[in-house]
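The values are calculated or read from the model by the stated rules, or taken from the named source; none is laboratory data. All figures in this text were calculated on a predicted structure; none of them were measured in a lab. With ideal geometry, Cβ positions are generated from the backbone for all residues, glycine too; neighbour counts draw on all protein chains shown.
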Amino acid sequence: MFEHMNIIPLLNHDSKMPLHRQAEEQLRKLISDKHFKEGDTFPKETDLARRWGISRNTLRQAFHNMVNDGLLERKKRKGTVVKKKRITTDLGSWYSFTHEMEEKGIPFKDLKHQVSHKKAGKEVARSLQVQPGVSLICVERIRSTGKNPMVYFESFFHPRIGLSGKEKFTKPLYEMLDNEFHIVPVYSQEEIKAVAANEKIAALMNIDKGTPVLERKRLVLDSGRTPIEYNICYYRSDWFTYSIEIKRTI
């Protein structure tokens, strides 16, 4: 919380931009600039409204939009609190995690990036339709918006693609497969469930063993429904939620 209200920039009452929009922009900037962090309480509505020379109803319009976006939370007897932003990823937007997060304005970075050769286990072999024990290119990534791991990926690729392991996997994956190997992903078969983090996942994601995580298994196929990639991903459940839109057939 601010010790001095004069740290908060004033609004421009001569601007054509509505005052509630200006207030919302200022509030969002205060959060993005880390003046307010998760769990911090904003100044009282009466103090903010007086500082900006606006009505409390105008201020509430700004708060309302940010509450709907999951940035703020109203708590009884405490006021308006900065809420941890949960990331919603859409089941219909499977094509590229990188592109999807970029569209949401969420800059992810790799905390771990490892490419290796691994022998296919039974589940991977069955999914990619190869013999168990065959050597496959495996890409492992731990990604986050900050220092704490948020998502862990493990991808296995069909040998027919011709990957050597020296490719630049820092590029968006499916874009690289298309441009360099003329492999175009078309279909994605998904299996999603909540699981308890085992010892390996807990260590990789810096969480306690047994912590609930979201496990997503994905089989990616080309236009002829030939397997390309088998991907296992673990999302921290306190950061991610999956959404899906279903259209009713009339």
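Tell me, which residue of segment 33-86 that is over 30 Å from SER237 (Cα atoms) and in contact with a Ser or Thr (Cβ under 8 Å, 6 or more places away or on another chain) is surrounded by the fewest Cβ atoms within 10 Å (Cβ to Cβ)? Once the filter is applied, the top-ranked residue is ARG56. Residues that are more than 19 Å from the chain's Cα centre (by Cα) and among the charged types (D, E, K, R) were ranked within segment 176-228; the one that is surrounded by the most Cβ atoms within 10 Å (Cβ to Cβ) is ASP222. Looking across segment 126-168 at every residue that is of a type in the set (D, E, K, R) and modelled with pLDDT of 90 or more, the one that is nearest to VAL115 (Cα to Cα) is identified as GLU140. Per the conditions (1) under 18 Å from VAL82 (Cα atoms); (2) free of Cβ contacts under 8 Å to residues at least 12 places away in the same chain, the sole criterion not satisfied by GLU24 is (2). Of all the listed residues (ILE137, ILE142), the sole one being more than 22 Å from the chain's Cα centre (by Cα) and in a strand (DSSP E or B) is ILE137.
The rows are residues; the columns are (1) of a type in the set (A, V, I, L, M, F, W, C); (2) modelled with pLDDT under 85; (3) under 15 Å from ARG143 (Cα atoms); (4) out of contact with any Gly (no Cβ under 9 Å at 6 or more places or on another chain).
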site	(1), (2), (3), (4)
GLU190	no, no, no, yes
ASN206	no, no, yes, yes
ARG225	no, no, no, yes
ILE232	yes, no, yes, yes
TRP239	yes, yes, yes, yes
TYR242	no, yes, no, yes
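Among the strands (runs of 3 or more DSSP E) contained in segment 148-225, which hold 2 or more residues that are without any contact (Cβ under 8 Å) to a residue 40 or more places away in the chain?
Correct list: 187-196, 212-221.
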